[in-house]
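Notes for the one structure printed next.
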Amino acid sequence: MKRTHLKAPRPQSRAYSPVVITEGGKTLWVAGHTGFADDTGASLAGDFDAQVRQTFANLEKTLAHAGATLKDLVTMTVFINDPRHGDRFTELRGQILGDDFPASALITVFGFARPDMMVEIQAIAVVAD
């Protein structure tokens, strides 16, 4: 499977690629993931950074079950509950994902399934057959 990340200064500084091109491979359609509680079930209500990190950890676990990693993400739709968290989200995403970013949309919503949720990520990944 071949994967190409188009890079440009502005998108790179915001931790996303304007386009990711894949050829071949198997596509994984990943449901929305959240991180309102840690692995022990303790609430992360009100802690945006912790929820983002837990959301990516939960996403990583799901991808692993399908034989994939976070590096296999080609696009993600990110929902946050407060637009003031947008810059912080992109900082954290850059720390977590490294240098080859998926394409992405960041959307502010006012009504998650649970009132303590602050972020949700839905994604698509592509892995070698």
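A few points about this structure:
- The one condition in (1) touching a residue at least 24 places away in the same chain (Cβ under 8 Å); (2) buried (at least 18 other Cβ atoms within 10 Å of the Cβ) that K71 fails to fulfil: (2)
- Only one entry in M76, M118 is in contact (Cβ under 8 Å) with a residue 24 or more places away in the chain and over 10 Å from the mean Cα position of the chain (by Cα), namely M118.
- Positions within the range 79-102 being touching a residue at least 60 places away in the same chain (Cβ under 8 Å) and surrounded by 21 or more Cβ atoms within 10 Å (Cβ to Cβ), in sequence order: R93, F101, P102
- Residue pairs meeting the criteria (Cβ under 6 Å; at least 6 apart or on separate chains; first free of Cβ contacts under 8 Å to residues at least 40 places away in the same chain and surrounded by 11 or more Cβ atoms within 10 Å (Cβ to Cβ), in the range 1-20; second in a loop (DSSP other than H, G, I, E, B) and among the polar types (S, T, N, Q)): L6/S17
- Hey, Q51 more than 23 Å from L6 (Cα to Cα) and surrounded by 13 or more Cβ atoms within 10 Å (Cβ to Cβ) or not: yes
- Just one of the listed residues (L59, L44) is aliphatic (A, V, I, L, M) and touching a Gly at 6+ places or on another chain (Cβ under 7 Å), namely L44.
Rundown of residues vs (1) touching a helix residue (DSSP H, G or I) at 6+ places or on another chain (Cβ under 8 Å); (2) closer than 18 Å to D87 by Cα, yes/no style:
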{"site": "V20", "(1), (2)": "no, no"}
{"site": "G24", "(1), (2)": "no, no"}
{"site": "T34", "(1), (2)": "yes, no"}
{"site": "D38", "(1), (2)": "yes, no"}
{"site": "G41", "(1), (2)": "no, no"}
{"site": "L44", "(1), (2)": "yes, no"}
{"site": "Q51", "(1), (2)": "no, yes"}
{"site": "L59", "(1), (2)": "yes, no"}
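- A57 vs. criteria touching a residue at least 12 places away in the same chain (Cβ under 8 Å) and buried (at least 17 other Cβ atoms within 10 Å of the Cβ): no
Any read-out appearing in this document is the output of simple, stated calculations on the displayed coordinates, not a laboratory observation. Values in this document were obtained by computation on a predicted structure and should not be read as measured data. Backbone-built Cβ (ideal geometry, glycine too); neighbour counts: all protein chains shown.
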